[in-house]
Amino acid sequence: MAKAVLAFSGGLDTSVVVKYLQTEHGLDVVTVTVDVGQGDDYDAIRTKSKRLGAVSHYTIDARQEFVEGYVYPAIQANALYQDKYCLATALARPLIAQKVVEVAKKEGAEALAHGCSGKGNDQVRFDLAFMSSSNLPILAPIRDKNLDREAEIKYAEERGVQIETVAKKFSIDQNLWGRAIEGGVLEDPYAEPPDDAFIWTRVNNLSAEPTYVTISFDSGIPVAVNDTPMKPVQLITHLNKVAGEAGVGVVDHIEDRTVGLKSREVYETPGATCLIEAHSDLEKMVHTIHQNRLKRVMDDEWARLAYLGLWDEPLRRDVDAFIRRTQSVVTGIVRLKMQGGSVRVVGRKSKYSLYNAKSATYGADSTFDQRRAAGFVELWGAQSAEANKLQGYTIKE
Ligand code: ARG
């Protein structure tokens, strides 16, 4: 029988999809669960897949690949969609899709499948990532049959699919880079998220003791915390813990989805918040005024492309190449202070620092001869003054 390979989380959507592909399409289903640090019980997911009648199941540990290939470039891009969202879900999708395609090739499958709805961003990310590495047809039953939660539960019950009947308070997606919390009471954009929405962050930590952390960067990549060298997965996991404990990393904003809907999004991203704060601060010290200006534009574009599912768009690679080119000097140490849920850079140093204490000082030993500035200022304003005169703008009578 022909096979379809499905990106499988073990939740309601993807469980329904297994049954759907089997019964309505007459396909054998191969399920793939990719570990990007979501911390799920992978044995339980395997058991679920088996119970649903999948012909085989793959669990793929892609955590290191996720950090090195997706999270590090995001750090280098200080990537925050709409200035807030660190793209945890968005970055994982192209990697998960790629793993699904690899399995499909190995299994000689005839279709690829996902359990995304037609309302979200993930359908766009999965479809486009599938399309860039395979010509196989894509099956997305939840979207294509316009199924909502109730219809899914009904479908599952009718076909004897065991599902957790406990009503979930929120819809969660998480991985090493962050935790997204949607739905339930959060659908009212004026309602404050209840404390139990948060698992990674001690939101009410009012401890009087600040937490200090230093992060060492080597060419834009975080390599050590408090001088202890750490491997990629370990470093991010560690920072999530330390910063989460200090209550850092909660984001609550209105987000523009690819499909044009606005959604209220709540995130916990302690590690990402710290790393982006530290990295962008270090960049300001080692890059010139001109580099700093354009870098922000390119960073924003990078985040936009990654969010919109355009990971494989040539422009994303172009922007990425620019960003990578800027990172060779982003080496140094940043000191962070966390307290009461906020994080602040309180110190930075680098062998590539362009900060010149001797020039900048207001003390008597400054090497900066102020008299040289007068001519510069005059020329700096000359063109504006000329234009104002010609156009009849008088600043003062
Ligand atoms: N809005 C975010 C994104 O599009 C997070 C989506 C999280 N998904 C979920 N089922 N909670 O990347």
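The values are calculated or read from the model by the stated rules, or taken from the named source; none is laboratory data. Values in this document were obtained by computation on a predicted structure and should not be read as measured data. Heads up, the Cβs are rebuilt from the backbone with ideal geometry, glycines too, and the neighbour counts pull from every protein chain shown.
Miscellaneous remarks
- Flag set for A278, criterion: closer than 16 Å to I221 by Cβ, in contact (Cβ under 8 Å) with a residue 12 or more places away in the chain and either in a helix (DSSP H, G or I) or polar (S, T, N, Q) (or both).
- Some residue of the range 51-64 being within 27 Å of D256 (Cα to Cα), of a type outside the set (D, E) and touching a residue at least 60 places away in the same chain (Cβ under 8 Å): no
- The range 39-94 - residue that is small (G, A, S) and out of contact with any helix residue (DSSP H, G or I) (no Cβ under 8 Å at 6 or more places or on another chain) and, of those, surrounded by the fewest Cβ atoms within 10 Å (Cβ to Cβ): A44
- Test: residue in the range 253-267 that is touching a residue at least 60 places away in the same chain (Cβ under 8 Å), closer than 30 Å to D127 by Cβ, assigned to a helix (DSSP H, G or I) and not polar (S, T, N, Q): no
- For the range 330-354, a residue qualifies if it is outside any strand (DSSP E or B) and modelled with pLDDT of 95 or more, and the qualifying residues are V330, T331, S350, K351, Y352, S353, L354.
- Restricting the range 113-153 to residues that are within 16 Å of the ligand (Cβ to nearest atom) and β-branched (V, I, T), the residue that is surrounded by the fewest Cβ atoms within 10 Å (Cβ to Cβ) is V124.
- Across the range 43-93, the number of residues qualifying as over 23 Å from H287 (Cα atoms), assigned to a helix (DSSP H, G or I) and more than 16 Å from the ligand (Cβ to nearest atom) comes to 15.
- M1 meets all of the listed conditions (1) at pLDDT below 95; (2) closer than 21 Å to G118 by Cβ; (3) not aromatic (F, W, Y) but one, namely (2).
- The set of residues in the range 167-190 that are of a type in the set (G, A, S), modelled with pLDDT under 95 and not in a helix (DSSP H, G or I) comprises A167, S171, G183.
- Among the residues of the range 197-246, just one is of a type in the set (A, V, I, L, M, F, W, C), in a strand (DSSP E or B) and free of Cβ contacts under 8 Å to residues at least 12 places away in the same chain, namely A224.
- Pair list, Cβ under 9 Å, 6 or more apart: the range 349-371 residue free of Cβ contacts under 8 Å to residues at least 40 places away in the same chain, other residue of a type outside the set (A, V, I, L, M) and surrounded by fewer than 10 Cβ atoms within 10 Å (Cβ to Cβ): K358/D365
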